[in-house]
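Notes follow the structure.
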Amino acid sequence: MAPYGRNDKNDRSNGFVCIYSKLKQNYGVYTHQGNYQIGESPRREQLGEMRFLLISALLGLYTCNAQSIPNLDSLIDDAVDEAITDTPKASTQEINTNFRNLIRSSRPGGSIGPTAPQQSTTSTGVPRRGSTRRANLFGRRRPIRQQDLPASRAATLTEKTAANVQNRSRAALSALNDNVKERISNAVRKREPDIFVPITVSCNPFDKYRKQDGTCNNLFRTNMGAAGTPQSRFLSPEYGDPWNLGYYPRTRGKDGSLLPNPRRISNAVFRSLSSPKSNKFNVAMTHFGQFVDHDVIATPIEIDTDGTDIECCNGNFPIIRPECFPFSTPPGEFLYTCMNFVRSAPTGTFPFYPGPRQQLNAITSWLDLSSVYGSSDEELNVLSTGSDGLLKTSSSGLPDNPDDDSCADAFNSVCFNAGDHRNSEVPLLTVMHILFLREHNRIATKLKVSHPGWNNDKLLNEARKILTGVYQHIVYNEFLPDLLGFDWSIAVGLMSQPQGHTNLYSSFLDGSTRNAFGAAAFRMGHSLVGNSVGASNSLFNEIQSKKLHETFFNTETIRDSAHFGPTRIGRWMSSNFNREMDRFLSEEVRDHLFQDENNPLDALDLGALNIQRGRDHGLPGYNRFRQFCGRFPAAFWTNTPGGFVDHDADTVTRLQSVYGNVDDVDLFVGALSERPESPDTVVGPTFRCLIAVQFLYYKYADRFFYEHFSPTTGFSLAQVNDIKKQTLAGIYCRNLNINKIQPKIFLNPDNTEDPTNRIDCSNLPDLNFYLY
């Protein structure tokens, strides 16, 4: 139950109104020419009660709006009936079966395989589009997990019930207090008690290995950071409905006018005919960042009650339903003037009081290589060979996943299988998956030689623990210093000590992924994405190239070892500059995202979708996050003091051309368009702040973090010092067919000075397996 009483102006005002009505009823209070009068002298005990009520209202401790709503219980019961009718119940088995049947029915002969689906309409007759179909598949987590369904349904029903109460009674618009929330929750629970079951997790503090689903990392808050739990927040959400439920997304600005159209903002701020390339960082940095992102956050979108995908546009016309939040685009830019957008799935925690809406993180929040191992025991079992601690592979690197139709829908190819379902989005990301899969199997094989008596589970868990430690070291000592700045990363405590353990773990910190981090801040990498995918020969010269949109969900690029393949693409990633971090997005993702192979205009705008996703999640505006990071908010449309001081003048002019109020600027737009504060950082100050804070939580709230000292879960002193010698360049060398690489993998080898010149792979340190 939420804390009793809320000390804010609305509660105090509502409390005074309600108490005045009570006094009038009980003691004959009335007004005359604006003055309070009492019909007859109250008794001493009545005066005491009156004083108590008035003081309670002043402190915001008493609100009695619920009593002012006629027949509230009956109103809530009717609202629950409407919510349940609007949300038919289906089991996870039914949902997953219906989804597989949909895939089968879309293929000749009803089979699953590399044949493009021909399903043209939804069950309600709405035409399906290739681009939005792939976006929906990318945005959902399949199969739906049994443990996620009750929380999502409970959150949906309580939210819809509260919204129905709002719509049925004008008196209810200002009546959401703890009492009303509890009555709504109880009414829904009475109808569907099976979904209102608190999740209990049993933890053993002496377990050596982290749990696959992320539970028990914190022994006091056992679900913190676990798969299937709500994303936490930097700031409270700001939604568009009177009770801030989240039933309506953020759609209006501070003056009540509609927020500007996302595509209009994208055209004004993100569009550029050309964007300069970085003179320092390469493509490997961009897609290692994407790999990290897919390790800590996956926000599933809503699906229909029968398990199929939702289409929010019927040609040029938006479909009105609570799961949809589409927006218009100018004629001629895309196939239709309605761009599909399905809202993120809601979730909650017991006892599921209504509002504000929270979004689900379907995977673990921890830096635990869930992108390799999955976020459940069931997923790991599918990925494991069951022998010698090895994971399944193929001649192309990752094993095939014929049940995933995303790739067949795009280019008649079969998707790969990995711990994260987004592994086949682009070949550049797939290379990162292959590197860590092969490194796991290499470590497991070495451990088998050193410890022939270890069984499969022991080998798998030890290899996973070692590789996760190496991965965490790379994130904090190679990736983040290049992204945020070396000196700054040291100053805020992100980088590891040169040697030895740290003892800074705190069970009081919340290590779960923040909503604004996943929905905005870490999407800064979209500005770094280029226009192409290339392949380089052994001399690191480019020999092949494709447009990026030709490779979305196209695994044939990885399988084509004669022209591309993991090694050639990996060389190209390490030797080609990425785009400069700025406000511009590549046309490949701004105009051709998930483009239909047969219809070039059937595509999406990633920048506009990011803006809409932030509003869907109720993210406050850019200025609120500036204040969160200790900076002054912009008050004027200028880049001088008092204005947008971290932007150039042209950017401010463009922002002013689309936004009506400085406080309406969306977080993704305002922060992405900031200028970096120094040449050794990629991002502007607001995103640098949010990213740094999030990774500090990942580090100091993770009981299993590789650098923390623990006799049970940690590494020995010799082991942790050994891990601190490892680099991503070493993983490159050991798992791709290359002989030379630059030691600092994210820096382009554009000169002959250390540390960016290429060296023989034999000079890069390997793990000392005698220590493990």
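Any read-out appearing in this document is the output of simple, stated calculations on the displayed coordinates, not a laboratory observation. This one's a predicted model, so the numbers in the text were calculated from it and none came from an experiment. Here the Cβ is made from the backbone with ideal geometry for all residues, glycine too, and neighbour counts use every protein chain on show.
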Exercise. May I have the extent of the alpha carbons of region 270-381 along their three principal axes, as whole Å values ordered from largest to smallest?
Key: 53, 44, 29
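Using packing as a proxy for protection, rank 314-327, 436-449 so that the peptide with the highest average count of other Cβ atoms within 10 Å comes first. Could you put the intermediate results ahead of the total?
Numbers: 314-327: 15.9, 436-449: 20.4.
Per-residue mean Cβ counts within 10 Å order the peptides as 436-449, 314-327.
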Quiz item: Taking amide H positions as placed 1.01 Å from N in the peptide plane, with prolines and chain starts having none, which residues 5 or more places from ILE543, or on another chain, fall under 5 Å of its amide H?
Solution: ALA535, SER536, ASN537
Exercise. With 18 Å as the limit, write out which pairs from LYS465/LYS699; LYS160/LYS181; LYS446/LYS699 have Cα-Cα distances beyond it, or answer none.
Key: LYS446/LYS699
Quiz item: Packing-wise, with mean Cβ within 10 Å as the measure, how do 608-616, 256-264, 693-701 rank, highest first?
Solution: 608-616, 693-701, 256-264
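From Cα pairs below 8 angstrom and at least 6 apart in sequence, can you work out the relative contact order of region 389-516, rounded to a whole percent?
Relative contact order, region 389-516: 19 percent.
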Self-check item: Residue-by-residue Karplus 3J(HN,Hα) for region 248-265, coefficients 6.51, -1.76, 1.60, Hz, glycine and proline x
Solution: 10, x, 6, 10, 10, x, 5, 8, x, 7, 5, 5, x, 4, x, 5, 5, 5
Practice problem: Name the long-range amide H neighbours of ASN314: under 5 Å, sequence gap of 5 or more, or other chain; modelled H, no Pro or chain starts. | Solution: ILE319
Quiz item: Residues with amide H under 5 Å of GLY618's amide H, sequence separation 5 or more or different chain, H placed in the peptide plane at 1.01 Å from N; which?
Solution: ARG250
Practice problem: Using packing as a proxy for protection, rank 664-675, 341-352, 517-528, 75-86 so that the peptide with the highest average count of other Cβ atoms within 10 Å comes first. | Solution: 664-675, 517-528, 341-352, 75-86
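Would you tally the net charge around CYS761, using a Cβ to Cβ cut-off of less than 12 Å, leaving CYS761 out, and scoring K and R as +1, D and E as -1?
Taking every other residue near CYS761 into account, the sum is +1.
Return a whole-number percent for the relative contact order of region 293-447, with Cα pairs under 8 Å and 6 or more residues apart as the contact set.
Details: 223 pairs, mean separation 30.5, N = 155.
Relative CO of region 293-447 lands at 20 percent.
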Self-check item: Residue-span extension gain [LEU771 to ALA649] - 0.36 nm each, minus C-alpha spacing
Solution: 38.2 nm
Quiz item: Put a dot 7 Å past each Cα toward the Cβ at ASP388 and ASP78; how far apart are the dots in nm?
Solution: 7.0 nm
Quiz item: Which value, in nm² and rounded to one decimal, describes the direction-averaged projected area of the C-alpha convex hull of region 521-607?
Solution: 6.1 nm²
Quiz item: So what's the net charge close to ASP293: Lys and Arg +1, Asp and Glu -1, counting the other residues with Cβ under 12 Å from its Cβ?
Solution: -1
Quiz item: What spacing in nm lies between the two simple spin-label points modelled at VAL126 and ASP403, each 7 Å away from Cα in the Cβ direction?
Solution: 2.7 nm
Self-check item: Using θ = phi - 60° and Karplus 6.51 cos²θ - 1.76 cosθ + 1.60, couplings along region 610-620 (whole Hz; Gly, Pro as x)
Solution: 5, 4, 5, 5, x, 5, 4, 7, x, 5, x
Quiz item: Quick one: if you stick a label point 7 Å off each Cα along the C-beta vector at SER561 and PHE350, how many nm between them?
Solution: 5.2 nm
Practice problem: For region 519-534, just list the computed ³J(HN,Hα) in residue order, Karplus coefficients 6.51, -1.76 and 1.60, θ = phi - 60°, integers in Hz, with x standing in for Gly and Pro. | Solution: 8, 8, 4, 7, 7, 4, x, 5, 6, 8, 5, x, 9, 8, 10, x
